[in-house]
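First comes the structure, then the notes that go with it.
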Amino acid sequence: MEWGNYSMYADFLLLGLFSDNDFPWLLFALILFVFVISIASNTIMIILIHIDSRLHTPMYYLLSQLSLMDILYISTIVPKMLVDQILGQRAISFAGCTAQHFLYLTLAGAEFFLLGLMSYDRYVAICNPLRYPVLMSRKVCMLIVLAAWLGGSIDGFLLTPVTMQFPFCASREINHFFCEVPALLKLSCTDTSTYETAMYVCCIMMLLIPFSVISASYTRILITVYRMSEAEGRRKAVATCSSHMVVVSLFYGAAMYTYVLPHSYHTPEKDKAVSAFYTILTPLLNPLIYSLRNKDVTGSLQKALGKCLSSGSVSTF
């Protein structure tokens, strides 16, 4: 398919996180460090939740799904960045860009919905503790996870074909480090304002629905916590919920900037910095926030490390 002198299926050129970088090896080492730590910490979370029976609860099952999403999420973008950085070849094929675009939208959407539904788990645990085993049964947990993945997949299947069917021309240089929607639309030869408006409404809905669930859940939680007579119970409830609110604030805040704020607030440099935050740093921060603020996870980690050290000591004799 041709549009003027431009082929719709030609390769794109990713300009990278920093267009002019005097220290490419330093940037490579930094991104690689963040990537390795993120993959390792999220993998450790999944393993701990799987092997420790004390963590076989709905909350930790949902956390393991969050860690899985983060692993896939950062793996969709960072390996390509690292290869480009070390080889200096920033080209990405049309098919590769389409695949990256679809996976990014699917995983980001799934995480949006999962974070929203996780607030329901906290609401039930604090406001209806006696009914928690029923309201958060294994079947309900499976439905929550399925709904999150399904919601993300719908987002990817709806937006990817429409975005990639536009004829792209100009220099085909994407002023970004991955195939994100706003950066791609800037290369289109046609008027994309109608699609951008539809996408804006879609993003508002994707943010509004989970945010409404979170707001309603935490309003009830705050009321319940305020009425608690025991200081210890109040402290534990606040500690449990604060980790989730920190993660929600980081992820939703960055997404709102990218997809909700008007164009007048955006510059390519700001867009890339915010995108780097929620695509590279958030998968690193999520397991750290939940593990460092959670005695069950730190206790499980210490127990696992103790077993490894003791087995290592025994094997040396």
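It is to be established whether one or more residues within the range 221-233 are over 19 Å from the mean Cα position of the chain (by Cα), closer than 30 Å to Ser41 by Cα and at pLDDT below 80.
Residues of the range 221-233 that are over 19 Å from the mean Cα position of the chain (by Cα), as a first pass: 221-233.
Checking the rest, the ones that are also closer than 30 Å to Ser41 by Cα come to 221, 232-233.
In the following step, the residues that additionally are at pLDDT below 80 were identified as 232-233.
Checked the range 221-233: at least one residue is over 19 Å from the mean Cα position of the chain (by Cα), closer than 30 Å to Ser41 by Cα and at pLDDT below 80.
Considering only residues of the range 176-191 that are open to solvent by 10 Å² or more (accessible area, probe 1.4 Å) and part of a loop (DSSP other than H, G, I, E, B), which is nearest to Ser275 (Cα to Cα)? Quick ask: steps written out before the conclusion?
To start, the set of residues in the range 176-191 that are open to solvent by 10 Å² or more (accessible area, probe 1.4 Å) comprises 182-183, 185-191.
Right, trim to part of a loop (DSSP other than H, G, I, E, B) and you get 186-187, 189-191.
Numbers: Lys186: 16, Leu187: 18, Cys189: 24, Thr190: 25, Asp191: 24 Å.
Only one residue fits best here, namely Lys186.
Restricting to the range 166-184, give me the number of residues that are out of contact with any strand residue (DSSP E or B) (no Cβ under 6 Å at 6 or more places or on another chain) and more than 13 Å from Cys97 (Cα to Cα).
Looking only at that region, the number is 4.
How about the range 197-298: which helices (runs of 4 or more DSSP H) wholly inside it have at least 2 residues that are open to solvent by 70 Å² or more (accessible area, probe 1.4 Å)?
Details: elements: 231-259, 268-276, 282-292.
So the answer is 231-259, 268-276.
Here is a yes/no grid of residues against (1) modelled with pLDDT of 90 or more; (2) more than 30 Å from Lys139 (Cβ to Cβ); (3) in contact with a Gly (Cβ under 6 Å, 6 or more places away or on another chain):
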| position | (1), (2), (3) |
| --- | --- |
| Ser7 | no, yes, no |
| Leu15 | no, yes, no |
| Val34 | yes, yes, no |
| Ile49 | yes, no, no |
| Tyr60 | yes, no, no |
| Leu66 | yes, no, no |
| Leu82 | no, yes, no |
| Gln85 | no, yes, no |
| Cys97 | yes, yes, no |
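Would you check if Leu68 is open to solvent by less than 40 Å² (accessible area, probe 1.4 Å), out of contact with any helix residue (DSSP H, G or I) (no Cβ under 6 Å at 6 or more places or on another chain) and among the aliphatic types (A, V, I, L, M)? Working first, answer last.
Numbers: open to solvent by less than 40 Å² (accessible area, probe 1.4 Å): no; out of contact with any helix residue (DSSP H, G or I) (no Cβ under 6 Å at 6 or more places or on another chain): yes; among the aliphatic types (A, V, I, L, M): yes.
So Leu68 does not fit the description; no.
Given the options Val140, Val162, Val145, name the one that is open to solvent by 20 Å² or more (accessible area, probe 1.4 Å), among the β-branched types (Val, Ile, Thr) and modelled with pLDDT of 90 or more. First the steps, then the outcome.
Numbers: Val162 fails: modelled with pLDDT of 90 or more; Val145 fails: open to solvent by 20 Å² or more (accessible area, probe 1.4 Å).
That would be Val140, the only listed residue that is open to solvent by 20 Å² or more (accessible area, probe 1.4 Å), among the β-branched types (Val, Ile, Thr) and modelled with pLDDT of 90 or more.
The values are calculated or read from the model by the stated rules, or taken from the named source; none is laboratory data. No experiment lies behind these values; they were computed from the predicted model shown. Every residue, glycine as well, gets a Cβ built from its backbone with ideal geometry; the counts of neighbours run over all protein chains shown. The accessibility values were calculated without ligands, DNA or RNA, using every heavy atom of the protein model including side chains. Shrake-Rupley method; radii C 1.70, N 1.55, O 1.52, S 1.80 Å.
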